[in-house]
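Structure record follows, encoded as C-alpha coordinates.
The values are calculated or read from the model by the stated rules, or taken from the named source; none is laboratory data. On a predicted model such as this, the values are computed, not experimentally measured, just so you know. Every residue, glycine among them, receives a Cβ derived from its backbone with ideal geometry; neighbour counts consider all protein chains shown. Only protein heavy atoms, including side chains, enter the accessible area calculation; ligands, DNA and RNA are left aside. Shrake-Rupley method; radii C 1.70, N 1.55, O 1.52, S 1.80 Å.
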Amino acid sequence: QVQLVESGGGLVQAGGSLRLSCAASGRNFSINAWGWYRQAPGKQRELVATIASGGSTNYSDSVKGRFTISRDNAKNTVYLQMNSLKPEDTAVYYCNTVPEAMEYWGKGTLVTVSS
(Lines give C-alpha, C1' and ligand atoms only; values in the text may rest on other atoms or scores of the structure.)
Protein backbone atom coordinates (compact mmCIF):
# COMPACT_ATOMS: atom_id res chain seq x y z
CA GLN A 1 0.00 0.00 0.00
CA VAL A 2 1.38 3.39 -1.01
CA GLN A 3 1.20 6.29 1.42
CA LEU A 4 1.95 9.85 0.38
CA VAL A 5 2.93 12.61 2.77
CA GLU A 6 3.11 16.15 1.43
CA SER A 7 4.95 18.93 3.27
CA GLY A 8 6.44 22.38 2.80
CA GLY A 9 3.33 24.51 2.48
CA GLY A 10 2.77 27.72 4.34
CA LEU A 11 1.93 31.39 4.13
CA VAL A 12 4.00 33.47 1.73
CA GLN A 13 3.71 36.91 0.16
CA ALA A 14 3.12 37.33 -3.54
CA GLY A 15 6.40 37.01 -5.40
CA GLY A 16 7.83 34.63 -2.83
CA SER A 17 8.91 31.00 -3.11
CA LEU A 18 8.15 27.67 -1.49
CA ARG A 19 9.43 24.15 -2.01
CA LEU A 20 7.00 21.31 -1.54
CA SER A 21 8.01 17.70 -0.87
CA CYS A 22 6.09 14.48 -1.26
CA ALA A 23 7.45 11.37 0.42
CA ALA A 24 6.10 8.08 -0.89
CA SER A 25 6.17 4.73 0.87
CA GLY A 26 5.90 1.42 -0.91
CA ARG A 27 7.55 -0.04 -3.96
CA ASN A 28 7.67 0.95 -7.62
CA PHE A 29 8.24 4.65 -7.01
CA SER A 30 10.85 4.93 -9.75
CA ILE A 31 8.74 3.37 -12.49
CA ASN A 32 5.77 5.68 -11.98
CA ALA A 33 5.06 9.07 -13.43
CA TRP A 34 4.24 11.53 -10.67
CA GLY A 35 2.33 14.74 -10.54
CA TRP A 36 1.48 17.67 -8.33
CA TYR A 37 -2.19 18.54 -8.16
CA ARG A 38 -3.89 21.44 -6.41
CA GLN A 39 -7.38 22.31 -5.27
CA ALA A 40 -8.32 25.91 -4.62
CA PRO A 41 -11.34 26.81 -2.49
CA GLY A 42 -14.53 26.18 -4.41
CA LYS A 43 -12.73 24.70 -7.41
CA GLN A 44 -12.00 21.25 -8.76
CA ARG A 45 -8.63 19.65 -8.27
CA GLU A 46 -6.27 20.28 -11.19
CA LEU A 47 -2.99 18.78 -12.33
CA VAL A 48 -0.26 21.43 -12.50
CA ALA A 49 3.00 19.54 -13.04
CA THR A 50 4.09 16.05 -14.06
CA ILE A 51 7.36 14.18 -14.21
CA ALA A 52 7.78 10.93 -16.08
CA SER A 53 9.89 7.98 -14.96
CA GLY A 54 12.59 9.14 -17.35
CA GLY A 55 12.52 12.67 -15.98
CA SER A 56 10.65 14.57 -18.67
CA THR A 57 8.32 17.23 -17.28
CA ASN A 58 5.14 19.04 -18.23
CA TYR A 59 3.34 21.99 -16.71
CA SER A 60 -0.04 23.61 -16.91
CA ASP A 61 -0.06 27.02 -18.56
CA SER A 62 -0.91 28.63 -15.23
CA VAL A 63 2.42 27.62 -13.63
CA LYS A 64 4.76 27.22 -16.59
CA GLY A 65 7.95 29.16 -16.11
CA ARG A 66 7.38 29.57 -12.37
CA PHE A 67 7.16 26.02 -10.98
CA THR A 68 9.68 23.19 -11.33
CA ILE A 69 8.93 19.55 -10.56
CA SER A 70 11.73 17.11 -9.77
CA ARG A 71 12.16 13.66 -8.28
CA ASP A 72 14.72 11.75 -6.23
CA ASN A 73 14.17 8.04 -6.79
CA ALA A 74 16.69 7.13 -4.09
CA LYS A 75 14.56 8.97 -1.54
CA ASN A 76 11.15 8.10 -3.01
CA THR A 77 10.40 11.83 -3.04
CA VAL A 78 8.90 14.28 -5.49
CA TYR A 79 9.47 18.02 -5.18
CA LEU A 80 7.77 21.14 -6.45
CA GLN A 81 9.78 24.35 -6.44
CA MET A 82 7.38 27.27 -6.67
CA ASN A 83 8.70 30.72 -7.51
CA SER A 84 7.02 34.05 -8.25
CA LEU A 85 3.96 32.91 -6.35
CA LYS A 86 0.65 34.63 -7.00
CA PRO A 87 -2.50 34.86 -4.85
CA GLU A 88 -4.23 32.59 -7.37
CA ASP A 89 -1.75 29.83 -6.48
CA THR A 90 -3.45 29.56 -3.09
CA ALA A 91 -4.65 25.96 -2.77
CA VAL A 92 -4.09 22.63 -1.09
CA TYR A 93 -1.35 20.85 -3.00
CA TYR A 94 -1.27 17.07 -3.40
CA CYS A 95 0.99 14.60 -5.12
CA ASN A 96 -0.12 11.41 -6.79
CA THR A 97 0.77 9.20 -9.67
CA VAL A 98 -0.17 10.16 -13.21
CA PRO A 99 -2.79 9.05 -13.93
CA GLU A 100 -3.98 9.46 -10.37
CA ALA A 101 -4.63 6.51 -8.12
CA MET A 102 -7.72 7.21 -6.04
CA GLU A 103 -6.46 5.16 -3.11
CA TYR A 104 -3.21 7.13 -2.86
CA TRP A 105 -4.48 10.61 -2.04
CA GLY A 106 -2.83 12.08 1.05
CA LYS A 107 -3.84 15.04 3.16
CA GLY A 108 -2.02 17.57 1.03
CA THR A 109 -0.22 20.70 2.14
CA LEU A 110 -1.79 24.15 2.21
CA VAL A 111 -0.18 27.01 0.32
CA THR A 112 -1.51 30.48 1.00
CA VAL A 113 -0.22 33.43 -1.02
CA SER A 114 -1.07 36.88 0.29
CA SER A 115 -1.26 39.92 -1.92
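Odds and ends about this structure:
- 11 Å reach of a label modelled at Arg19, 7 Å along Cα-to-Cβ, counting backbone N of region 59-102: 79-82
- Accessible area per residue for region 1-76, computed on protein heavy atoms with a 1.4 Å probe, is 57 Å².
- Ordered by solvent-accessible area of protein heavy atoms (1.4 Å probe), largest first, the residues Thr68, Thr112 come out as Thr68, Thr112.
- Shown here for region 36-115: GluC sites (Glu not before Pro) in loop regions (DSSP other than H, G, I, E, B) with at most 15 other Cβ atoms within 10 Å, namely Glu100.
- Sorting the segments 33-44, 76-87 by their residues' average number of neighbouring beta-carbon atoms within 10 angstrom, most packed first, yields 76-87, 33-44.
- More than 17 angstrom apart: percent of Cα pairs within region 1-66: 55
- Qualifying trypsin sites (Lys or Arg not before Pro) in region 46-98, DSSP loop, other Cβ atoms within 10 Å at most 13: Lys64, Lys75
- Carbon + sulfur, % of accessible area of region 1-101 - ligands and nucleic acids excluded, 1.4 Å: 46
- The chain: relative contact order as a whole-number percent, Cα under 8 Å and 6+ apart: 37
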